[in-house]
Each structure stands twice: as C-alpha cells, then as structure tokens.
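The next block holds one structure in the form of structure tokens; read it before the comments.
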Amino acid sequence: MKAEFPNATCRDRNLEQFYVRGLVKAKSVSLLQALAHNFQRTLALRRKAGLALFVMRKE
C-alpha cells in the first residue's frame with residue numbers, strides 16, 4: 001500500500017493541519033490517527049474475509 005491512501009483518509013477526517021502546538025503533541029495526534037487508520041483497516045479486512053470482528057473469551 002502506498003502512503004497516499006492513509007493520507008487521503010486523514011484529509012477526509014479533517015486532519016489537514018494540526019490544532020496543537022509542539023512536536024510532542026503533534027506527534028501524539030499523528031500516532032492516534034495512524035492507530036485509528038490501522039484499526040479501521042483491520043476491521044475492514046476481517047469483515048471482507050468473513051471473520052469475526054471481535055472474539056469474546058470465556059474464562
């Protein structure tokens with residue numbers, strides 16, 4: 001996958017500019033956005049493969 005797809009997804013979610021100041025805060029926003037993107041891709045791929053989205057374990 002090229003970097004354009006995640007970047008387009010970020011733009012669709014209005015992450016065109018950072019609304020925080022400082023490198024640490026901007027990095028935090030970027031990491032949260034990457035985590036959200038990866039989680040949504042995981043759900044989409046699991047749905048496409050016909051796998052359960054979440055597995056509930058009984059102990």
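Here, each number is a calculation from the coordinates, and none is a lab measurement. Nothing here was measured: the structure is a model prediction, and the numbers come from that model. Here the Cβ is made from the backbone with ideal geometry for all residues, glycine too, and neighbour counts use every protein chain on show.
Beta carbons closer than 7 Å, at least 6 apart along the sequence or on distinct chains, pair a first residue in region 19-44 that is of a type in the set (Gly, Ala, Ser) with a second that is not in a helix (DSSP H, G or I) for ALA26/PHE18; ALA26/VAL20.
Every residue, every condition in (1) assigned to a helix (DSSP H, G or I); (2) not polar (S, T, N, Q), yes or no:
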residue: THR9; (1), (2): yes, no
residue: ARG21; (1), (2): no, yes
residue: VAL29; (1), (2): yes, yes
residue: LEU35; (1), (2): yes, yes
residue: PHE39; (1), (2): yes, yes
residue: ARG46; (1), (2): yes, yes
residue: LEU53; (1), (2): no, yes
residue: MET56; (1), (2): no, yes
